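Okay, structure first, notes after.
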Amino acid sequence: MIELILFIIVAAVAIFGALTVVFARNPVYGAMGLMMTLFSLAVFYVVHLAHLVAAVQVIVYAGAVMTLFLFVIMMIGVDRDEDNTEKLPMQRQFVGALGLVIVLVAGIAAVGGRFDWVRPAASTVEANGTVQEVGKLLFTEWILPFEATSLLLIIAAAGAIALAYFGPRRRDREDA
Amino acid sequence: MDFWDVLFVAARVVLAFVIPLVAVIFLVWGERKINADMTNRIGPNRAGPWGILQTVADGLKLFFKEQVTPRKVEFLLYAAAPILALIPAFMTFLVIPWGEGFTWEIGGKVREFAFVGADLNIGVLFFLAMSSVAVYAIVLAGWSSGSKYPLLGGIRGTAQAISYEAAMGLAIVAVILFASTTSTDGGTLSFVELVERQRGTWDEVVSLPGGLSWFENVLGLIPRWNILPQFIAFVIFMIAAVAETNRAPFDLVEAEQELVGGFHTEYSGFRFAMFFLAEYTNMFNMSAIAVVLFFGGWDGPTFDQWLPGIIVTFLPLFWFLLKTAAVLFVYIWIRATWPRLRYDQLMNLGWKRLIPAALVWLIASTVVVSVRQFGWPWA
Amino acid sequence: MGILNDFAKGLKVTLRQIWGERVTAEYPKDMREKPQRFHGRHVLNRYPDGMEKCIGCELCAGACPAHCIYVRGSDNPVEAPVSPGERFGFVYEINMLRCIFCALCVEACPTEAITMTHLFEMSTTNREDAIYTKSELLIEVDGTPNHMFPDDPLADMDELRKADGWMRAVAPGGRAAYEGETPWSESAGVGVRPAEPAQEPTRPLIAVLPDFLNVRSQEDPGEPEASIAEKAPMQEEEE
């Protein structure tokens, strides 16, 4: 019962945050909406006893990524008016059509009786063991993807620095 | 799960809220008093004996003061920022154990009353999550006030928090790694468990070759706190903690001389009080975590043969608060002594000194832990 | 490890101050001893016979750089004169919010009527109270000064009686030739205030002053009032 109430409240918050991201005129409010959604997702993870995932969600997404988003938004200046001209032609019509198709498919599935809510699987891992379990999996079975991901991140960081520092703009600045 | 269980949980949560609150009252007073002492002044001495009620008086004053709202604010975020500052501050203390707890037979059952808000198995991660969320308050307060200096402070605060969080996290990882060797249960992220593993003395962990066995008697006198093997991690943690709480010499967010107090200038009345409370609660939390990670938490002499039971029950709480107070004194001492860093110096210290030092220390700890666990590779 | 040593040195300095002496004076419990020539609130003096020293000449108002003094003189009633002169200060007001406590009024006064005291606690709760009128400024016949709020715990009447500063300002003091002399007249209540004490440290400097700077030492030091009164209109012209 408590879980249901919690779910309804948090789900409402998550949807509200998502809608804020789409409709907010001010990008800072959009970022805050995204943070709200990410937080609600963390609560869902806690409800499903995935404490580690929840903590990582808050640290990485709500803590680091969103802070950087805000940082960038503030650095480039939020007071400037947004450019509302659409660069992609027909994108509204395209998105509308796509949305209609999705609703139709979902409707057909629901009407045809092929629709089912996701049932929680019987918990195989003890709640207190998630950290250890994830750690073991990461460092045994998934060691290659894990290391590859970290390599990818380092390459991305190095690439960003390379673009920012050693591009042609750098030389211009030194000349000026 | 009957009435008494619910009551116990509620009491724990309320206590986890009240302890930092009361601690902050004394902390603010202590900071002003010690700062005054160190600058040859007297400090607050009007409200109560030695001015001890000064914080209460200030709080009451701020509570009844007019809340001035500057004209250019984004009101929604402006009003939300102080709350966002306060929530993570009090949430953090929930996972910090402040005592050993006791058992009590009531309602037909022997129940345990742990002295911790909630013993999460991911306590350390929870703390890191909360400290990264705490940045939002500064950023939003800086931005929403629609003023230049607070915005600068907010941007500085973001960069500072992200930079020093990395160093702090790495220092904590080294401690957790080390703690995993002192028990057969493997690693842990729970603060309660980390404290449990620091009880006892060093001779229980270290076994020396025959010729040096006399030295074990010396080790038998030294408590098994992490401060000894993890001293470097402690130094890195403390520097990062001071930076995380935006205290001098890292208070670039609210640098009085450059930013005229940053966002503090834009807030008044109760909203300002909330920021103030959050700042000092964070300071208390950081000190408490330093005590839990490095100084054995509530561990200390128990005197259970000489003292009555009720005192023995609450003695760990006393040790915990005493150690926290000692760490807080260092905080205040540093503030009274060292001048503020320039922004580029701050970034250099964070990225070029602390993080490499933390990484090197982490690798060194890993080597030690591996050798203890698996033996020398050539053996 | 030089830098660590420096850090430790700094920490040691602040730690040692905990046992150091305190510089705070616990005002109002402890009052600091004020310098002799402190510029505090003004008083209007009387002669020992009860006559007001003020003659309503408005030189103080003219000298005031802040224009905070308002004086209106009036002819002395013949049967009951208020001052020994032809006229007396009928209205005398000082706006303490404007006053900069420069004591130019004291120097301008030909009769030593206005002097400064050591009282500096003059906070009021409205602007009108900050305008001191004759009733507050003028001392009583027995020499006791008046205070706007005599019941105020901060109203220190002793400070109002300490009025040496003005005399140093008007006296030709500082010159070796005038040492130990009192060029000022008697006041109600206090009589003739004692002469300025010798200024030991500065005496050698004064002694070597060339003679043309020390002209007045050859004259008769008798009537400083006259010379000041001559100077005052000149100041006004310069303005």
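The values are calculated or read from the model by the stated rules, or taken from the named source; none is laboratory data. In this text the structure is predicted, and so the values were computed from the model without any measurement. Cβ atoms come from the backbone with ideal geometry, glycine included; neighbour counts cover every protein chain shown. Areas reflect the complete protein model, heavy atoms only, side chains present, ligands, DNA and RNA absent. Shrake-Rupley method; radii C 1.70, N 1.55, O 1.52, S 1.80 Å.
Only Cα pairs under 8 Å and 6+ residues apart enter the sum, and on that basis the relative contact order of the stretch C:42-178 stands at 27 percent. In chain B, the longest principal axis of the Cα atoms and the axis of helix B:123-133 are about 20 degrees apart. Protein heavy-atom surface of the stretch B:266-379, 1.4 angstrom probe: 72% of the accessible area is carbon and sulfur, with nucleic acids and ligands not counted. With semi-axes defined as the square roots of five times the eigenvalues of the C-alpha gyration tensor, the equivalent ellipsoid of the stretch A:10-59 measures 23, 11, 4 Å, largest first. The contact between chain C and chain B removes approximately 1300 Å² from the accessible area (both sides summed; 1.4 Å probe; ligands, DNA and RNA excluded).
The residues of the stretch C:42-178 present an accessible area of 46 Å² per residue when probed at 1.4 Å with all protein chains retained. Provide Rg over Rh for the stretch C:42-178; use the alpha carbon set for both Rg and the Kirkwood Rh (inverse mean inverse pair distance). Using Cα coordinates only, the ratio equals 0.96. Across the cross-link table entries B:Lys33/C:Lys34; C:Lys29/C:Lys162; A:Lys136/B:Lys323, which are compared at the Cα atoms, the separations over 31 Å belong to A:Lys136/B:Lys323.
Overall size of the stretch B:69-374 from C-alpha positions, given as principal axis extents largest first: 72, 53, 32 Å.
Interface residues of the stretch A:1-40, defined as those losing at least 10 Å² of solvent-accessible heavy-atom surface relative to the isolated chain (probe radius 1.4 Å), are listed as A:Asn26, A:Val28, A:Tyr29, A:Met32, A:Met35, A:Phe39. The Cβ shell under 13 Å around B:Thr313 holds other residues with a net charge of -3, Lys and Arg each +1, Asp and Glu each -1.
Shown for the protein assembly as shown is the translational diffusion coefficient from the Stokes-Einstein equation, using the Kirkwood radius over Cα pairs, a temperature of 10 °C and a viscosity of 1.306 mPa s: 47 µm²/s. In this assembly, the A-B interface accounts for approximately 2200 Å² of buried accessible surface in total, computed with a 1.4 Å probe and without ligands, DNA or RNA.
Loop-resident trypsin sites (Lys or Arg not before Pro) (DSSP state other than H, G, I, E or B) in the stretch B:241-349 with no more than 13 further Cβ atoms inside 10 Å of their Cβ: B:Arg342. Spin-label model, A:Phe23 to B:Asp344: label points 7 Å out along the Cα-to-beta-carbon direction sit 4.8 nm apart. What angle do you read, to the nearest 10 degrees and between 0 and 90, between the alpha-carbon axis of helix B:355-374 and the longest principal axis of chain B? Taking Cα atoms only, the helix is inclined about 20 degrees.
Seen against the Cα atoms of chain B and their longest principal axis, helix B:135-144 is set at about 10 degrees. Compare B:Gln345, B:Gln54, B:Gln160 in a GNM of chain B, Cα atoms joined below 10 Å, and give the one with the largest fluctuation. Greatest mean-square fluctuation among the candidates belongs to B:Gln345. Remark on the stretch B:42-69: accessible area falls by at least 10 square angstrom from chain-alone to full-complex state for B:Ile42, B:Asn45, B:Arg46, probe 1.4 angstrom. Distance distribution P(r), the stretch C:1-122, all Cα-Cα pairs, bin width 10 angstrom from 0: 11, 29, 20, 12, 9, 8, 6, 3, 1, 0 percent.
Could you tell me what % of all Cα pairs in the stretch B:75-127 have separations over 14 Å?
65
Comparing each chain alone with all protein chains together (probe 1.4 Å, DNA, RNA and ligands left out), the residues of the stretch A:129-156 losing at least 10 Å² of accessible area are A:Val131, A:Gln132. Solvent-accessible area of A:Tyr61, all protein chains in place: 110 Å² (probe radius 1.4 Å, heavy atoms, ligands and nucleic acids excluded).
Heavy-atom accessible surface of chain B, averaged per residue, reaches 45 Å², computed with a 1.4 Å probe. Across the stretch B:244-365, the fraction of Cα-Cα pairs farther apart than 22 Å, rounded to a whole number, is 55%. Summing charges over all other residues whose Cβ lies under 15 Å from the Cβ of A:Phe71, with Lys and Arg as +1 and Asp and Glu as -1, gives 0.
Rounded to the nearest 20 debye, what is the charge dipole size of the protein assembly as shown about its Cα centre when +1 sits on each Lys and Arg Cβ and -1 on each Asp and Glu Cβ?
Charge dipole, the protein assembly as shown, about its Cα centre: 3280 debye, nearest 20.
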